[in-house]
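Here the structure is laid out as C-alpha cells; the discussion comes afterwards.
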Amino acid sequence: MREETRVTKDNVIRNPRSTSSHTHTVFLVDDDASVRRALTRLIKSAGHQVQAFSSAREFLDTVPQTAGPACLVLDIRMPGLSGIDLQRQLQATSHTLPIIFITGHGDIPMSVKAIKAGAVDFLPKPVKDTDLLRAIEQAVARSVDDRAERDELEDIQRRVEKLTPREREVMALVVRGLLNKQIAFELGTVEKTIKVHRARVMKKMQVGSLAELVRVAEKVGIPPKNEQ
Amino acid sequence: MEHAVLRQGGVEPISKIRLSLPDKQTNLIALLGCAAYYAGAAIGFALTLPTDAVSTLWPPNAILLACLLLTPTRQWGVLLLGVLPAHVAVQLQSGVPTLMIFCWFLSNSSEALIGAYCVRRLIGGPLRFDSFRDAGVFVIFAVLLAPFVSSFIDAAFVVLVEWKAGAYWQVWRTRFTGNVLAELTLVPFIVLWAANGVAWLRRASLRRYAEACLLACGLLTISVLVFSWQSTGPGTAPALVYLPLPFLLWAAVRFGPAGASTSLLVVVLVSIWAATQGRGPFISRSPPENVLSLQIFLIAVSLPLIFLAALIEERRGREAALRASEARYRALVMAGAEMVWRADARGEVSFATDAWQELTGQTDEDIQDFGWLAAVHPDDRERSRQLWEQAIIGKGMYENELRVRTRNSGYRYFHAHAVPILAADGTVHEWIGANTDITDRKKAESELRQQREELARISRISTMGELAASLAHELNQPLTAILSNAQAAQRFLAAKPADLEEVLDILKDIVQDNTRAGEVIHRMRALAKKEEVAFVRLDLAGIIRDVVAFVHSDAILHGVRVLLKLNDGLPPAWGDKVQLQQVVLNLLLNAFDAMEDCPASEREVLVQAKLASAEMLEVSVRDRGVGVSTNELEKIFQPFYTTKREGMGMGLCICRSIVNSHRGRLWADNNPDRGATFYFTVPVGKGVD
C-alpha cells in the first residue's frame, strides 16, 4: 500500500488504511467485460482489493459471507438479474453490503428505485475516477462501521447468552432503573441475592458501570422497546 | 340484271320457292328473264345447223340458269312463270306441237333448277368463278350434271310425243352436248357481267380499255379468219383452229373469268355461225358429226380456260389479300409507338422505321451494320453489342434494355426485342426487332423506388429513435471503459515505480474500446445514411449478428435473451445490406415488444437462418410472447395497422415491401405452444459480384 498517492495537484486520495485498520474488498458486478476490466484496474490503482463478477447470479453463487468490510460496485442494467434485483435479494438475506450503483443515461426510474432501496451512491457512466473512489471510500467506511457495530453486537449477544435466565431477568430490571430492593420485591426474593446476581451480570457483560450496562443492553434490545 | 337483285341472292331452302305476290321488282325480273329467254331461243334457232332438230348451242336453258343464279331463291317461281310465255312464243314460231312445248319447258326448267340449286347450295354466296372450287362446282353440277339428267327427260318426251322421229340416244346425246356447251360458255358470261359489268366498265382505266379493244380486235379477226375465211373441205389446216388460243389465254390472264368467258363466247359464236354458213374447218362430214366435233372442240377449249381463269383470279385474290395484310401491318408498325427494324442473318441492321432516325438523327446509312450502336449510351453500348452477338450466335430471342441518345443530346430508355425469322432449313433468314420506349415507365419505377427507399430510411431512422436510449448506453459502455482505463493508467504511471506493463495492457484495451465505440457509431450511421440501394452478395448470418449486437442493450433493457441458431456454411444472400438489417431489426424489436408482459424468465427470442431451398435462404424470428390473433396475421402487414400502443404501423409494411423487392416473402405464423414466428426469405446470391 502506498501512502498518500498523489494523482493530481489538488486530488489527494487518502490511503484506505487510514479509514480503517481492516483489509477490505470491493466487489464489482458488470456484464460488460471491458468496462469490468477497466473499473477493476481503476479501483485497484487506488489500492483496494477487487473481486469482479460478470453477473449478479455469479456474485450470489460465489461470494462468501465475507468477514472483512466490503462494498459492492454494481451495474444497474444487466441481462438476467439486474442490479436492482441483486440489491433486493441481498436485502432479503439481510446482507448489509453498501452498494454503489453505476448506470448509463436514461436509467432514471431504475436509479430512483435503487436510491429508495438504500443505495449508498449512484454514479452515471462514464464514471469519474475521483467520484468512484470517493464513493468507494465512503462505502468502505460505512462497511467498517457497520462491521464494527455488528461485531460489537455479536459480542454483546454472546455475553448475554452466558447469563442464566435469572441473571437476564435481573439485568432487564436493572437497566430499567429499578433499585435492588425493588428488584428483589419484583422477583420475590431478598435484596442480598439480587446484589450477587447483579455483580455477576456486570462481570459477565464486561461492564464497569450501570450506564455502560444500559448502553450495551439497549443494543441487544433489552428491555424491549415497547416496555419502555 | 340490277345489282340490287344479285345482293339479295343467298342460300334459301328450296321449300321457299313459292309464288309470292308479284311486286315491282319481281315483275322486272320476270320480264327480263322472259326477254332474255326469247332472245336466247332466237339465237339458238339461228345457230341450228340445217337438217338438225337440236341446236348446236341452245342458249335459253343457260340463260334461265344464269337468271336463277342471279335471283333470290324465293323469286325463282316468278321467274319460271315469266319465262314460260317466251318459251311458248318461241316454240310456236317453229311449229312445235303444244304438248311438246310444255314437255320441253319442263325438261328445260328442270335443267336450270338442278344446276342453280346445286350451285347455290354448294357455293353459298354469289358465283364469281374466282376460285378453283367455284369453277369445279359449276362445271360438275351446272355444266355436266344438270344437262345429263335433264336430257333423259327431254329425250323421253321427244320419243313419247313422237316429234321429229329420232332415236332416243341420239336426241339425248345431241341435247346433252349442246346444253353443256351453252352452260359452259353462257352462264359465266351472263352471271359475271350482270353482277359486276357496270362496275368494271366504270372503274377500268383508259389503258385497260385500250388493251381490251386490242384483245377484242385480235380475237375477232383471228376467229373470223380461222372459222369463216377458210374454205370448206379437206384443204383446211386443222391446226389453225388453235390460233385463237393465245388470245383466250391473254383474256384469262389479264381480264380474269369475265374476260375469259367473254372471249370464249366470241369464239363460240363465230365458230358456230361460220358452221351454220357452211364454212370453217368443221364442215367436212355428215352434219351431226360436224356439230359434234364443233361442240367437242369448243368444250375442250372452254373447260381448261374457265379453270385457268378461276385459278388466276384465286391467286390474284390471295396476293391482294396478302398485300392488304402487309400494308395493314406496315401501317400498324409505322403508326405504333414502337420502332421496328430488320437485320440480316449476320445481325447487320438493314432497315429501321423512321422513328429511329427521327429520334436519333441518324441517317439510314448511319444505322447500317452496327452503326446504330453509335446512338446507344456509352455505358450500355458494349453490353448491347454482346447481347446482340449472343442472340445471333444462339439464334435465340434478343432482349435488352438500353438508353438511346436523342438528337438533342438527351437519352431515352428503350426495351429492345428481336426474334429470328427462320428459313425452312433452320437457318436464320432475317431478324425482326422492335424497340419500345420505356422512359416514362423507367422514370415512374425509379421515382417509386426512390420513394420506397426514402420511406424505408425514414422508418429506419424512426426505429433508431426508439432505440436512442439503448444506443446511447451502447456507446457509453466503451466510453466508460476508456475513461476508467485512462484514469487508472494515470495512477499507475504516477506510482513509483510506474507499472508500465499494466499501462501497456490498458492502452491495448483503450484501442479496443475505441474501435468498439466506432463500430456502434458506424452501425448507426449505416442505418441512417441515405445511400443508393445496392444489391450484392452478402453474409446473412453476419447481418443478423450485427443487428443482434445493435439491439444488445435494448434486449437487456427489455430483459430479453436473444438466441441465435445460424446454420453453418450458408451460401451468400443477394440483397441490400442495410435494408435486410432493417427487416431483422424490426422483427427483433417487435419480438421484444410482444413479450413485454411475459415473466422475465420466459422472454426469449430465437433467430434462425437456414437454406430453405436451392434458391432461397430463410430467416425466422421466434418469440414467446402473446402471439398474433389469426385474423390479424395478414392485417399486421398493412400500412398504419398496429397492435402496439405507440407505433405508426408502418414497420412491417415497409419490411414486406423490402422483402418483396428482394423477390422474397415475409409472413407470420403463431407457434404451436406460444408466441409468434416471423419468417422471411431472400434469394441466394449466385455468380460473382
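Taking the longest Cα principal axis of chain B as reference, the axis of helix B:287-335 is set at about 20 degrees. I need the fraction of alpha carbon pairs in the range B:74-144 separated by more than 20 Å, rounded to a whole percent. More than 20 Å apart: 43 percent of the Cα pairs in the range B:74-144. When the scattering of the range B:277-317 is computed by the Debye formula from its Cα atoms alone, each counted once and equally, what is log10 I(q)/I(0) at q = 0.23 Å⁻¹? One equal scatterer on each Cα of the range B:277-317 leads to -0.72. Between 0 and 90 degrees, rounded to the nearest ten: what's the tilt of helix B:500-528 against the longest Cα principal axis of chain B? Once rounded, one gets 30 degrees. With viscosity 0.890 mPa s and temperature 25 °C, the Kirkwood radius over alpha carbon pairs of the range B:575-617 converts through Stokes-Einstein to a diffusion coefficient of 199 µm²/s. Rounded to the nearest whole Hz, the Karplus-based 3J(HN,Hα) values (6.51 cos²θ - 1.76 cosθ + 1.60, θ = phi - 60°) of the range B:565-582 follow the sequence 9, 9, 4, 6, x, 5, x, x, 8, 10, x, 9, 4, 5, 5, 5, 4, 4, with x at glycine and proline. In a Debye calculation with equal point scatterers on the alpha-carbon sites of the range A:143-228 and no solvent, what is log10 I(q)/I(0) at q = 0.23 Å⁻¹? Values returned for q = 0.23 Å⁻¹ are -1.13.
The three principal axes of the C-alpha atoms in the range B:317-469 carry coordinate ranges of 83, 33, 32 Å, sorted with the longest axis first.
Note on A:Lys192 and A:Thr23: with the Förster distance fixed at 56 Å, the Cβ-Cβ geometry gives a FRET efficiency of about 0.65. P(r) for the range B:279-399, from all Cα pairs and a bin width of 10 Å, is 11, 23, 19, 11, 9, 8, 9, 8, 3, 0 %, short bins first. Would you pull out the residues with amide H under 5 Å of B:Ala612's amide H, same chain only if 5 or more places away, H placed 1.01 Å from N? Distant-sequence amide H within range of B:Ala612: B:Leu617, B:Glu618. Working note: Cα atoms of the range B:456-548, range along each principal axis, descending, whole Å: 58, 29, 20. The alpha carbon convex hull volume per residue for the range B:628-689 rounds to 105 Å³. Summarising the amide proton neighbourhood of B:Trp431: residues at separation of 5 or more, or on other chains, whose placed amide H is nearer than 5 Å comprise B:Ala343, B:Asp344, B:Ile421. Going by alpha carbons, how many degrees (0 to 90, nearest 10) lie between the helix axis of B:378-394 and the longest principal axis of chain B? Taking the Cα atoms of chain B, the angle to B:378-394 is about 50 degrees. An ellipsoid equivalent to the protein assembly as shown, defined through the eigenvalues of its Cα gyration tensor, has semi-axes of 130, 34, 18 Å when rounded to whole angstrom and sorted largest first. Compute the Cα gyration tensor for the range B:340-403, then decide on rounded, prolate or oblate, letting a ≥ b ≥ c be the square roots of its eigenvalues: rounded whenever a/c is under 1.5, prolate when a/b is larger than b/c in the other cases, and oblate in all that remain. It is oblate, given that a/c is not under 1.5 and a/b is not larger than b/c. Among the trypsin sites (Lys or Arg not before Pro) within the range B:612-649, those in coil by DSSP and having at most 15 neighbouring Cβ atoms inside 10 Å are B:Lys644, B:Arg645. Here the label points at A:Arg134 and A:Lys204, each 7 Å from Cα along the C-beta direction, are separated by 4.9 nm in the simple model. For the range B:315-363, the convex hull spanned by the alpha carbon atoms encloses 92 Å³ per residue. When the alpha-carbon atoms of the range B:239-293 are used, the pair Rg, Dmax equals 12.9, 39 angstrom. Oblate is the label for the range A:20-59, because a/c, from the alpha-carbon gyration tensor with a ≥ b ≥ c as root eigenvalues, is 1.5 or above and a/b does not exceed b/c.
Considering only Cα atoms, the convex hull volume of the range B:382-520 works out to 239 Å³ per residue.
Applying a 10 Å radius around every beta-carbon, put A:139-150, B:198-209, B:213-224, B:523-534 in order of their mean neighbour count, most first.
Answer by packing, highest mean first, reads A:139-150, B:213-224, B:523-534, B:198-209.
Each of B:Tyr38, B:Tyr168 was scored by other Cβ atoms within 10 Å of its Cβ. Listed from fewest to most, they are B:Tyr168, B:Tyr38. The calculated Kirkwood hydrodynamic radius for the range B:27-98 is 12.5 Å, given to one decimal from all distinct C-alpha pairs. Per-residue mean of foreign Cβ neighbours for A:82-91 is 1 (Cβ atoms of other chains, 10 Å radius).
Computed over the range B:101-190, the Cα gyration tensor eigenvalues convert (square root of 5λ each) into semi-axes of 27, 12, 9 Å, ordered from largest to smallest.
Note that chain B carries a Kirkwood radius of 35.2 Å, evaluated over its alpha carbons pair by pair.
Just the Cα atoms of the range B:25-158, one point each, no solvent: what log10 I(q)/I(0) does Debye give at q = 0.09, 0.22 Å⁻¹? Here log10 of I(q) over I(0) equals -0.26, -1.39. Near the amide H of A:Gln51, within less than 5 Å, lie the amide hydrogens of A:Val26, A:Phe27, A:Leu28, all on another chain or at least 5 residues away, with H placed in the peptide plane. Note that the range B:583-689, at 4 °C in a medium of 1.567 mPa s, gets a Stokes-Einstein diffusion coefficient of 90 µm²/s from its Kirkwood radius over C-alpha pairs. Going by the alpha-carbon gyration tensor, a ≥ b ≥ c the square roots of its eigenvalues, is the range A:29-152 rounded (a/c under 1.5) or, if a/c is not under 1.5, prolate (a/b greater than b/c) versus oblate? Rounded, since a/c falls under 1.5.
Values in this text are rule-based calculations from the coordinates and carry no lab data. From a predicted model like this one, the values you see are computed outputs, not experimental measurements. Note: ideal-geometry Cβ built from the backbone for every residue, glycine included; neighbour counts use all protein chains shown.
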